[in-house]
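J.: Structure provided below as C-alpha cells; questions to follow.
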Amino acid sequence: MSVDQIGRMSEEQVGQMSEEQVGQMFAGMNEIIRAGEEMRRLRAEMIQAFAGAGWTQDRLARLAGMSQPAVSKQVAKERTDGAVDTSLDQHDTPWLEGRLWGLAEEISEALDDSAHCSRLVHVLARGRKRFTEQNVDALRRLMEQDLREHATEAAFPAYRVVYDAIARGLDVRSTARTDEGPAGSASARRTLACQIQRVRLRGDI
C-alpha cells in the first residue's frame, strides 16, 4: 500500500488496518530512510576520497550535483575526521565484498550482461538480496565459471588476478570469524569499495 493510497483513506479505514499491514508500511519507509542516510554518508566519503586524490572541489561539485560550498564543507570535515582510506588493500569483510561486487559488475558489463554472475550481481546491487555469506559464496561460484570460460579474452587475465586476491582475503576473514574493520557502515564501505575497484580496473585514477 502506497503513501498516496493511505492519504486517501478515511480515519475509519486507517483504524481498520491490520498490524501486519501497518508493520509492512513502516518497514518499507524505514528501508528508504536507511538507504537515503547511507547514500548521503557514502557521497560524503567519496567526496573526501577524491579530494584526497587531488580532484578539485569545483570538479567534484559539478559531478556530484552539489554546490561548491557544500563540497567544501565535506572536504573540511575530512580534516577533523581523518582522511578516508581509498587503498584497495583493506581486509574487512564489507570492503572485500565491495571489491567482489565491483569486479562482478565489470565482468558482467564486459560480457554484455550475458555473464553467469550478471543476474545475481544485479539483484544484490538493487538490494533485493543481501550480502550474506551464502549469497557471496554463490556469486563467487558464478564468477569463477565466467573467469574459466573467458580466460583468454581481453581483460580477463587481469580480472583473474584481482579475483584471486579478493577470494584469498574473504577466505581468511571467514576463518578468522570477525568483521572488525575501519569505522563506517558496512553498506557504505561495501559501496565505496565497489566504485573504487571499478575505477581502478579501468585505470581511470
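J.: Between Val123 and Val161, what length in nm is gained on full extension when 0.36 nm per residue of separation is reduced by their alpha carbon distance?
T.: Extra length from Val123 to Val161 when fully extended: 11.2 nm.
J.: So for Val123, Val172, what's the accessible-area order with a 1.4 Å probe, most first?
T.: Order by accessible area, largest first: Val172, Val123.
J.: What's the extension gain from Val22 to Trp55 if we count 0.36 nm per residue and subtract their Cα-Cα distance?
T.: 7.3 nm
J.: Now for a separate question. Treat each spin label as a single point 7 Å out from the Cα along the C-beta direction, and report the Lys73 to Glu133 distance in nm.
T.: 4.2 nm
J.: Does segment 107-153 come out rounded, prolate or oblate by the C-alpha gyration tensor, with a ≥ b ≥ c the root eigenvalues, rounded set by a/c under 1.5 and, if not, prolate when a/b is larger than b/c and oblate if not?
T.: Oblate shape, in that a/c is at least 1.5 and b/c is the bigger or equal ratio.
J.: Show me 109-120, 124-135 ranked by packing, highest mean number of other Cβ atoms within 10 Å first.
T.: 109-120, 124-135
The values are calculated or read from the model by the stated rules, or taken from the named source; none is laboratory data. Since this is a predicted model, take the numbers as computed values, not measurements. Counting neighbours? That spans all protein chains shown, and the Cβs are built from the backbone with ideal geometry, glycine included. With ligands, DNA and RNA removed, areas are computed over all heavy atoms of the protein, side chains included. Shrake-Rupley method; radii C 1.70, N 1.55, O 1.52, S 1.80 Å.
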